[in-house]
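The values are calculated or read from the model by the stated rules, or taken from the named source; none is laboratory data. Remember, predicted model here, so these are calculated numbers, not experimental data. Backbone-built Cβ (ideal geometry, glycine too); neighbour counts: all protein chains shown. These accessible areas exclude ligands, DNA and RNA; they are computed on the full protein's heavy atoms, side chains included. Shrake-Rupley method; radii C 1.70, N 1.55, O 1.52, S 1.80 Å.
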Amino acid sequence: MPQRRSHVAPSAAQTELAAALSGLRVNLDAPVEFPTAVLAEAEQATASQPELDLRDIAFATLDPEGSRDLDQAFHLERDGDGYTVRYAIADVPSFVAPGGAVDAEARRRGQTLYAADGTIPLHPTVLSEDRASLLPGVDRPAFVWTFSLDSAGAVTTFRLERALIRSREQLDYVSAQESLDRGEDGAVTLLPVIGALRIEQEKSRGGASLNLPDEEVVRAPDGAYAIERRQPLPVEDWNAQLSLMTGMAAASLMLDAKIGVLRTMPQPDEKSFDAFRHQTAALGRPWTTGRYGDYLRELDRADPLTLPILEAAASLFRGAGYVVFDGTAPADAMQAAIGAPYAHTTAPLRRLVDRWSLTICLAISRGEEIPDWVRESLNELPALMQESAQRASKLDSATINCVEAALLTPFVGTTIDATVIAVRDDRATVQIAEPAVTASAPIPAGTAAGSVVRLSVRSVDIAEGKIELVP
């Protein structure tokens, strides 16, 4: 889908918006500053030297432009008819002392929060954006997963080792995609090949991807806030497949050892499937045969009705959570959207649970005992991650609501066209094209999803993030 960006023009509304966004942190109990003891411990933190030296491998990172918290680096090569994929993960466990000040603060935060006016990191930036980050041109300890793939992209063997690496390049999604489009050779040359094979493996497992357009609040150099919506680039989907493959390998290790923490999601029930089928039929794009993952993959991204279909499909991707186990593997270990057991393992700089997953997997790979601190704290993880996820969700939605209200401020008292995305009773979720705003509005009886309605912007409240639209 084409990129859309709507700006809040510098004005009184912009000033009010800045104050509202700043206030969100306080209202959500999202700590910004780190306590002195945490900063002091982070400054002194060092990692032990790994025995394995893989600095001769030309690893590269691939992230949004300007990122400093680099969790993963990869190296791809052909191996006969198949491929070798090396996937390095930042060695955060070596920098965070169990029971220490940094550990305690990370448990309180749970994950990095991305606010419109700045990042609220999980760890002090001396770790997350410096010593533990897989920045280019510097030596870093890492958890290195090495996968052997056959010609169809299926994993035949894998291993996990702790090693010293040196990333050669820091790539960003846009420039990497442009390089691939020009046919240039480089670190990502094999990524479309391996990524496409892994997507085929996902299809065969019955996995599904939602792939809604990204919605992000960004800040322009002049200080004006904007909402940017764009479809993820192909290179992002291919890169995500490397992370998914690693998460599935981690899950298999932990299930075999009967200790660990999995990210699970139940299969949608028949009631959810029936409701989704009804919605696709109402939109004129009926899902009649095959698996829902295949149906979603085949949607035409240029079709204006694809967005409301994807919005409706969100009901099929609910119920994700964490399951911990020690001694007995869980009866239902599946992550339904992935189509396999799965563990969060590849983002330890930004997500708390990954530190446990990596520590467990390394101990299993080495045939060592699981550290006592892991076993003693394992049962705490689901609640800690749920709390942080709720905080992140509230921050994201409140931020978007405030910015959307500011975007519509100049339109108060005017009429505007909107596309109906979903209908519930006498109200609908509608999408305004310009400015790019999603809102709720009352609609006339019989209005169908996919139709265009004319709405009046009656009022907005930037501080509360509220918009009042009427037919």
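Taking into account only those residues within the range 162-172 that are over 20 Å from the mean Cα position of the chain (by Cα) and surrounded by 19 or more Cβ atoms within 10 Å (Cβ to Cβ), which is nearest to L70 (Cα to Cα)?
Among those that are over 20 Å from the mean Cα position of the chain (by Cα) and surrounded by 19 or more Cβ atoms within 10 Å (Cβ to Cβ), it is S167.
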(request) State which residue is farthest from the chain's Cα centre (by Cα) when the search covers only the range 189-231 and only residues that are within 30 Å of A13 (Cβ to Cβ) and part of a loop (DSSP other than H, G, I, E, B). (result) D222
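Of the residues A73, A47, which single one is among the hydrophobic types (A, V, I, L, M, F, W, C), in a loop (DSSP other than H, G, I, E, B) and under 18 Å from R162 (Cα atoms)? Spell out how you get there, then give the answer.
Numbers: A73 fails: in a loop (DSSP other than H, G, I, E, B).
Unique residue meeting the criteria: A47.
Say whether the condition of being more than 27 Å from the chain's Cα centre (by Cα) and open to solvent by 20 Å² or more (accessible area, probe 1.4 Å) is met by at least one residue in the range 434-442. Full working, then the answer.
Step one: of the range 434-442, the residues more than 27 Å from the chain's Cα centre (by Cα) are 441-442.
Going one step further and asking which of them are open to solvent by 20 Å² or more (accessible area, probe 1.4 Å), we end up with 442.
Taking every residue of the range 434-442 in turn, at least one turns out to be more than 27 Å from the chain's Cα centre (by Cα) and open to solvent by 20 Å² or more (accessible area, probe 1.4 Å).
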(request) Output the residue which, of all residues in the range 309-329 that are farther than 29 Å from N211 by Cα, surrounded by 13 or more Cβ atoms within 10 Å (Cβ to Cβ) and not charged (D, E, K, R), is modelled with the highest pLDDT. (result) F325
(request) All but one of (1) farther than 30 Å from P141 by Cβ; (2) touching a residue at least 12 places away in the same chain (Cβ under 8 Å); (3) touching a helix residue (DSSP H, G or I) at 6+ places or on another chain (Cβ under 9 Å); (4) of a type outside the set (A, V, I, L, M, F, W, C) hold for T289, so report the exception by its number. (result) (2)
(message) For the range 361-381, which positions are in contact with a Gly (Cβ under 9 Å, 6 or more places away or on another chain) and under 18 Å from I89 (Cβ atoms)?
(response) C361, I364
(request) Sort out which residues of the range 331-388 are under 24 Å from R108 (Cα atoms), assigned to a helix (DSSP H, G or I) and β-branched (V, I, T), and write them in order of number. (result) V353, T359, I360, V374
(request) Mind listing whichever residues of the range 252-276 are open to solvent by 80 Å² or more (accessible area, probe 1.4 Å) and either farther than 22 Å from Q386 by Cβ or in contact with a Leu (Cβ under 7 Å, 6 or more places away or on another chain) (or both)? (result) D256, K258, E270, K271, D274
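Among the residues of the range 232-251, how many are outside any helix (DSSP H, G or I) and open to solvent by 30 Å² or more (accessible area, probe 1.4 Å)?
So the answer is 1.
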(message) Considering only residues that are at negative phi and open to solvent by 30 Å² or more (accessible area, probe 1.4 Å), which ones fall in the range 173-185?
(response) Y173, V174, S175, E178, L180, D181, R182, E184, D185
(message) Checking the condition open to solvent by less than 50 Å² (accessible area, probe 1.4 Å), part of a strand (DSSP E or B) and closer than 27 Å to R318 by Cα, which residue from A398, A422 passes?
(response) A422
(request) Mind counting the residues in the range 277-293 that are outside any loop (DSSP other than H, G, I, E, B) and either open to solvent by 40 Å² or more (accessible area, probe 1.4 Å) or touching a Pro at 6+ places or on another chain (Cβ under 9 Å) (or both)? (result) 7
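Confirm whether D396 is of a type in the set (D, E, K, R) and either more than 30 Å from T264 (Cβ to Cβ) or touching a Phe, Trp or Tyr at 6+ places or on another chain (Cβ under 6 Å) (or both).
Values: of a type in the set (D, E, K, R): yes; either more than 30 Å from T264 (Cβ to Cβ) or touching a Phe, Trp or Tyr at 6+ places or on another chain (Cβ under 6 Å) (or both): no.
Answer is no for this residue.
Return the residue satisfying two criteria in turn: it lies in the range 97-133 and is among the aliphatic types (A, V, I, L, M) and either on the phi > 0 side of the Ramachandran plot or surrounded by fewer than 22 Cβ atoms within 10 Å (Cβ to Cβ) (or both), and of such residues it is modelled with the lowest pLDDT.
The first filter runs over the range 97-133 and keeps only residues among the aliphatic types (A, V, I, L, M), leaving 97, 101-102, 104, 106, 113, 115-116, 120, 122, 126-127, 132.
Next, from what is left, pick out any that are either on the phi > 0 side of the Ramachandran plot or surrounded by fewer than 22 Cβ atoms within 10 Å (Cβ to Cβ) (or both): 97, 101, 104, 115, 120, 126.
Working: A97: 97, A101: 98, A104: 97, A115: 79, I120: 90, V126: 97.
By that ranking, first place goes to A115.
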(request) Search the range 85-103 for residues that are closer than 25 Å to N239 by Cβ and pair each with any residue that is acidic (D, E) when their beta-carbon atoms are under 6 Å apart and the residues are at least 6 apart or on different chains. (result) A90/D71
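Matching residues to (1) β-branched (V, I, T); (2) under 30 Å from A97 (Cβ atoms); (3) open to solvent by less than 20 Å² (accessible area, probe 1.4 Å):
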{"position": "I338", "(1), (2), (3)": "yes, no, yes"}
{"position": "T345", "(1), (2), (3)": "yes, yes, yes"}
{"position": "R351", "(1), (2), (3)": "no, yes, no"}
{"position": "C361", "(1), (2), (3)": "no, yes, yes"}
{"position": "E368", "(1), (2), (3)": "no, yes, no"}
(message) So if I check each of R351, R375, R366, R427, which one is basic (K, R), touching a strand residue (DSSP E or B) at 6+ places or on another chain (Cβ under 9 Å) and either at pLDDT below 95 or closer than 28 Å to Q279 by Cβ (or both)?
(response) R427
(request) Enumerate the pairs (first residue in the range 359-374 and over 15 Å from L255 (Cβ atoms); second residue anywhere and open to solvent by 40 Å² or more (accessible area, probe 1.4 Å) and modelled with pLDDT of 95 or more) with beta-carbon separation below 6 Å, excluding pairs fewer than 6 apart on the same chain, so at least 6 apart or on different chains. (result) W373/P98
(request) Kindly provide the set of residues from the range 443-462 that are outside any strand (DSSP E or B) and open to solvent by 60 Å² or more (accessible area, probe 1.4 Å), ordered by number. (result) P444, A445, G446
(request) Within the range 33-44, work out how many residues are over 30 Å from A163 (Cβ atoms) and open to solvent by 60 Å² or more (accessible area, probe 1.4 Å). (result) 3
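Pick from A208, A196: which is out of contact with any His (no Cβ under 6 Å at 6 or more places or on another chain), buried (at least 19 other Cβ atoms within 10 Å of the Cβ) and over 22 Å from Q431 (Cβ atoms)? Reasoning before the result, please.
Values: A196 fails: buried (at least 19 other Cβ atoms within 10 Å of the Cβ).
Checking each option against the conditions leaves just A208.
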